[in-house]
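The values are calculated or read from the model by the stated rules, or taken from the named source; none is laboratory data. Please read all numbers here as calculations on a predicted model, not as lab measurements. Glycine also receives a Cβ, built like all others from the backbone with ideal geometry; neighbour counts cover every protein chain displayed.
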Amino acid sequence: MTDSSSQVVPGPFAVISGQQVHRALHGREKDMIDLIEHGYRLHGNGDGATVNPPSYFLRFPNQPANRIIALPAAVGDEIGVAGIKWISSFPANVAKGVPRASAVVVLNDLETGYPLACLEGSIISAARTAASAALAAVRLSEGRERPRRLGVLGTGLIARYIHTYLVAAGLEFEEVGLYDASAEHARGFAGYLERAGAAKATTHDSAEGLIRSSDLVVFATTAGTPHVTEPAWFTHHPLVLHVSLRDLSPEIILDSCNIVDDVEHCLKAQTSPHLAEELTGNRDHIHATLFDVLTGSFTPPTDRTVIFSPFGLGVLDLVVSDHVYRQVAGCPDAVVVDDFFHELSRYGKDNGA
Ligand SMILES: NC(=O)c1ccc[n+]([C@@H]2O[C@H](COP(=O)([O-])OP(=O)(O)OC[C@H]3O[C@@H](n4cnc5c(N)ncnc54)[C@H](O)[C@@H]3O)[C@@H](O)[C@H]2O)c1
């Protein structure tokens, strides 16, 4: 922002609540899928429109299950923001009655670097993850029969968002199969499906039964190491959205066609594709990025299992956050802190203020 004397004046700082984020995104799932495709294309073009350095994982020696991840990024072109998502994962929260993940996103102006807003980030993160999964489901199933039997392995909040976005993307399921290590969680998800008017849910008592009876399999567990290790469960060649990244053994990865969002990002942090690289010493098992599929430079096979493993790109969080910021910042109920940046005179003011 520039005033009449051409001095750059930082704008007011906005605080955007989860309720406002929800209002900006709910019911706009199709628009979000298009926006995420735009984000992937900006990133994939590789012409400097995006900057997406490695995520930083803060871990706690005495609490190995917990982590907080920092995802800094910048998106140029017409979007023009930088920022960071700071997202915690504390799996024991679920037993205490609150979701596993919590997050904030800070958006920065690319002209001054000044922060523009702090947004509740868990909904933004779930929405961008689900929009990416739905985009992948549609584009990776082209040429195959449209998936009609959905299998959800790990039935938490991310799985709920993914189901909502798959339906918004136009996929119609005759059956939805569920499997979760906790029967209570699977029951909770079945209740959500019923309220959403979805196809009747069948709860399976094993991952094998679920995988064998599904042509689209979504992994959204909190497993830290592979628990699905039998390639024979995949002989019907399903499409797999491996959103939780660490469920599949290297043998299953090596037996399949693997699509990732970003090769450098995904082959890190003990993801299943990373374990396969450690086993073989090469990256030959990575066939393409989703960008390659979007641009038509790679056509996924129809006679092999196709696995999409998205590491999750900070640029996608920023694209969605920028959209929410533009929707909310001008609204009457926007919370803005006008004097958030106080020390704006380099040598102090001569009126002693
Ligand atoms: N790739 C990405 O971009 C991305 C983005 C967001 C979240 N995620 C991942 O999605 C996953 C799910 O997140 P959430 O917020 O829904 O978590 P959540 O805790 O709400 O749900 C996870 C569910 O998985 C179940 N589970 C754990 N281990 C299992 C196993 N071995 N077999 C079957 N079920 C199992 C749990 O009982 C729980 O119900 C997390 O691993 C998270 O890191 C990935």
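Consider Pro273 carefully, then state whether it is within 25 Å of Ala127 (Cα to Cα) and either touching a helix residue (DSSP H, G or I) at 6+ places or on another chain (Cβ under 8 Å) or at pLDDT below 95 (or both). Spelling it out, Pro273 is indeed within 25 Å of Ala127 (Cα to Cα) and either touching a helix residue (DSSP H, G or I) at 6+ places or on another chain (Cβ under 8 Å) or at pLDDT below 95 (or both). Remark: pairs (first residue in the stretch 136-148, at positive phi; second residue surrounded by fewer than 17 Cβ atoms within 10 Å (Cβ to Cβ); Cβ separation under 9 Å; 6+ apart in sequence or on different chains) = Gly143/Thr299; Gly143/Pro301; Gly143/Thr302. Within the stretch 230-257, being in a loop (DSSP other than H, G, I, E, B) and of a type in the set (A, V, I, L, M) holds for Val243, Leu245.
Could you grab me the full set of residues in the stretch 258-297 that are closer than 20 Å to Ala134 by Cβ, in a loop (DSSP other than H, G, I, E, B) and touching a residue at least 24 places away in the same chain (Cβ under 8 Å)? Scanning the stretch 258-297 gives Asp261, Asp262, Thr295. Filtering the stretch 247-257 down to residues that are within 16 Å of the ligand (Cβ to nearest atom) and buried (at least 21 other Cβ atoms within 10 Å of the Cβ), which residue is farthest from Ala134 (Cα to Cα)? Applying the filter and picking the extreme gives Ile252. Looking only at residues in the stretch 270-316 that are touching a Phe, Trp or Tyr at 6+ places or on another chain (Cβ under 7 Å) and of a type in the set (A, V, I, L, M, F, W, C), which one is surrounded by the most Cβ atoms within 10 Å (Cβ to Cβ)? Going through the qualifying residues, I end up with Leu290. The residues in the stretch 190-212 that are within 16 Å of the ligand (Cβ to nearest atom) and either surrounded by 13 or more Cβ atoms within 10 Å (Cβ to Cβ) or of a type in the set (Lys, Arg) (or both) can be counted, and the count is 13.
Out of all the residues in the stretch 109-146, which are touching a Ser or Thr at 6+ places or on another chain (Cβ under 7 Å) and more than 10 Å from the ligand (Cβ to nearest atom)? Passing the criteria: Leu119, Glu120, Ile124, Gly143, Arg144.
Tallying residues that are within 16 Å of the ligand (Cβ to nearest atom), in a strand (DSSP E or B) and at pLDDT 95 or above within the stretch 64-108 yields 19. Residues of the stretch 285-298 that are under 23 Å from the mean Cα position of the chain (by Cα) and more than 9 Å from Cys257 (Cα to Cα): Thr289, Leu290, Phe291, Asp292, Val293, Leu294, Thr295, Gly296, Phe298.
Go through the stretch 170-184 and give me each residue that's crowded, with 18+ Cβ neighbours inside 10 Å and not in a strand (DSSP E or B).
Leu171, Phe173, Asp180, listed by residue number.
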